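Contents: one structure, followed by commentary.
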Amino acid sequence: MGTQRTALITGGASGIGLTTAARLRDEGFDVVIADLDPNAPEVAAELGVTAQALDVTSVEAWERLGAALDAAEVELGALVLNAGIAGGGTDLAGLDLERYHRLMRVNVDGVIYGLRTMLPRLARPGVVTVTASLAGLMGVPADPVYAMTKHAVIGLVRSSAAELAAQGVRIHAICPGFVETPLLGAAKAQLDAAAFPLLTTDEIAAAIADLITGRSTAQVTVLQPGRKPVDYAFAGIPGPRMLDGAKAPDLPTELNLG
Ligand SMILES: NC(=O)c1ccc[n+]([C@@H]2O[C@H](COP(=O)([O-])OP(=O)(O)OC[C@H]3O[C@@H](n4cnc5c(N)ncnc54)[C@H](O)[C@@H]3O)[C@@H](O)[C@H]2O)c1
């Protein structure tokens, strides 16, 4: 690790994270990939970046990583919370609780622990991207628990962006459709058989790099094969009315919900 701006990428040893590591290295970042894959150091060496062992589900592992970054006097400029797994099963009545908890720990706790540990270390201005998914914006009958975890992180990004912006931190969610990576598992052959187009990791890495080097915040970027990235616009929510039908007053800005 050097003293340049560093980008920390969880799940950086494979797929989207790996290509993003190469892309951010090319953008001039000192890249650290943080992954539990034992091949991560070798993969990182091939890219000319650094690897740190991290299981995103472990608070202690995050603290160790934080201490290692502190010791190396790293200036952390970008945090890419990307590690994720799929495959929670579809039978809710017979849900395999071990798989369920694993999915929640990696996809949800991993993002929360990452923010909790790294926000205090992130330079100002700084930027965070969370790799969500289209599964965070639509129902996915093939993997409802995965969809739940991705809806959760999008809600977190949207809810925290204003407060973080006040602290000089931008935060975004990236929502790809199917990307050609090992995460697809057996679905890859099914998608191929159906001639379903897949995104490349290059397309996702480019979108992440654009968010990191840009100026906006709270972007939820949708990526679909054959289309340019779309800054997703959520439908408006009907506002509250008074009993007589008049417009309700604005919500207090600093609402204390505990
Ligand atoms: N591939 C897709 O179609 C697709 C689509 C939308 C979103 N995503 C999301 O993109 C992200 C990256 O997935 P990918 O497709 O590149 O998959 P991938 O399997 O190629 O890479 C995931 C990486 O995360 C690492 N990882 C898993 N659990 C971890 C943990 N507990 N701690 C640290 N690292 C861990 C793995 O070792 C691996 O290197 C995930 O969040 C995934 O949900 C993928």
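The values are calculated or read from the model by the stated rules, or taken from the named source; none is laboratory data. This structure is a prediction, so every number in the text was calculated from the model and none was measured. Here the Cβ is made from the backbone with ideal geometry for all residues, glycine too, and neighbour counts use every protein chain on show.
Here are a few things to note about the model shown:
- Scanning region 202-258 for residues that are charged (D, E, K, R) and not in a helix (DSSP H, G or I) yields 215, 227, 228, 231, 241, 244, 247, 250, 254.
- Matching residues, region 127-164, being assigned to a helix (DSSP H, G or I), in contact with a strand residue (DSSP E or B) (Cβ under 7 Å, 6 or more places away or on another chain) and either more than 13 Å from residue 232 (Cβ to Cβ) or of a type in the set (S, T, N, Q) (or both): 153, 160, 161, 164
- Residue count for region 197-213, restricted to those that are away from the ligand (no atom under 11 Å from the Cβ) and more than 17 Å from the chain's Cα centre (by Cα): 1
- In this structure, residue 212 does not satisfy being at pLDDT below 95 and among the β-branched types (Val, Ile, Thr).
- Residue in region 24-40 that is without any contact (Cβ under 8 Å) to a residue 60 or more places away in the chain, more than 15 Å from the ligand (Cβ to nearest atom) and out of contact with any strand residue (DSSP E or B) (no Cβ under 6 Å at 6 or more places or on another chain) present: yes
- Per the listing 186, 209, 195, 235, the residue uniquely under 20 Å from residue 84 (Cα atoms), surrounded by fewer than 19 Cβ atoms within 10 Å (Cβ to Cβ) and not charged (D, E, K, R) is 186.
- Qualifying residue in region 58-65 (condition: closer than 21 Å to residue 179 by Cβ and within 10 Å of the ligand (Cβ to nearest atom)): no
- Residue in region 62-83 that is under 20 Å from residue 169 (Cα atoms) and polar (S, T, N, Q) present: yes
- Hey, residue 77 within 19 Å of the chain's Cα centre (by Cα), away from the ligand (no atom under 14 Å from the Cβ) and not charged (D, E, K, R) or not: yes
- Contacts under 6 angstrom Cβ, first residue in region 142-159 being in contact (Cβ under 8 Å) with a residue 12 or more places away in the chain and crowded, with 18+ Cβ neighbours inside 10 Å, partner of a type in the set (Phe, Trp, Tyr) and part of a helix (DSSP H, G or I), 6 or more apart: 145/100
- Residue 116 vs. criteria more than 30 Å from residue 197 (Cα to Cα), among the basic types (Lys, Arg) and either in contact (Cβ under 8 Å) with a residue 12 or more places away in the chain or not in a strand (DSSP E or B) (or both): yes
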